[in-house]
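The values are calculated or read from the model by the stated rules, or taken from the named source; none is laboratory data. Keep in mind that what you see is a predicted model, and the values were worked out from it rather than measured. Here the Cβ positions follow ideal geometry from the backbone for every residue, glycine too, while neighbour counts run over all protein chains shown. The accessibility values were calculated without ligands, DNA or RNA, using every heavy atom of the protein model including side chains. Shrake-Rupley method; radii C 1.70, N 1.55, O 1.52, S 1.80 Å.
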Amino acid sequence: MNLRLEISVAARPVAIFEHDGPALNIGRDPACELALDPAFEGVSWRHARIDVTPTGVVLCDLGSTNGTYVNDKRIATPTVLHTGDAIGLGMRGPRLRLASTEPSIPTATVPDPQTADESGLSPSGRTPIKAGVNDRALPTRPLGPVQPESDPRPTLAGALPLHYQKLLRPPFKVRMKAAWQQRRWAIIGVGLLGLAVAAALVLLLSGVFQQ
């Protein structure tokens, strides 16, 4: 479990201390997880210990000279701590406040592929991680229509999502210009055909009048 403590000493700024483990020893001993300045003579060499137990976070005094306090009350037996409780190391010593307790986040161990055996376990017996949803293989089915192997032509049309197909379209002005050019040639063709018919009618009528 991860413990977060706020440490205040006299007029100094509040310091934040975090510890992830089953026990936290407090004292002037450099070997303690929370080693305080040796200048704090009111703090014993090994003053107190915080244990993480199934029933909660427990504080116990280690036979200190000036005692250990919880919310300004000296403790003589192991005492369960709650978030926000104030811990005093002696009457005038440093003050600790249990800011929060959070469960430790377990870390998965991936076996070394070079040293793992056929069963997928490394020599140390570590359990491999199973493939999750994000580890699934990508589908091999094509996105567009299936193209015969004998047909060398690419099948780009329909092979891309609709929004990508729209991006591949030419701009609107270019498409309108191309459509107008097609219509213009059709109009010119119809006009030439009309002129040819009119000329034929004129020749036909002129022949009739001459007779």
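Which of (1) within 16 Å of Asn2 (Cβ to Cβ); (2) among the hydroxyl-bearing types (Ser, Thr, Tyr); (3) without any contact (Cβ under 8 Å) to a residue 60 or more places away in the chain; (4) surrounded by 15 or more Cβ atoms within 10 Å (Cβ to Cβ) does Ser64 not meet, given it meets every other one?
(1)
Going by what's in this entry, would Ala11 be described as open to solvent by 20 Å² or more (accessible area, probe 1.4 Å), within 17 Å of Arg95 (Cα to Cα) and among the aliphatic types (A, V, I, L, M)?
yes
In segment 76-107, how many residues are among the β-branched types (Val, Ile, Thr), in contact (Cβ under 8 Å) with a residue 12 or more places away in the chain and out of contact with any Leu (no Cβ under 7 Å at 6 or more places or on another chain)?
Total satisfying the criteria: 2.
So that you can scan it fast, the table gives a plain yes or no per residue for (1) of a type outside the set (A, V, I, L, M); (2) modelled with pLDDT of 95 or more; (3) surrounded by fewer than 11 Cβ atoms within 10 Å (Cβ to Cβ):
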site	(1), (2), (3)
Met1	no, no, no
Leu36	no, no, no
Val70	no, yes, no
Gly90	yes, no, no
Pro111	yes, no, no
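Quickly run through segment 10-40 and pick out the residues that are in a loop (DSSP other than H, G, I, E, B) and more than 22 Å from Cys60 (Cβ to Cβ).
Correct list: Ala10, Ala11, Arg12, Pro13, Val14, Asp37, Pro38, Ala39.
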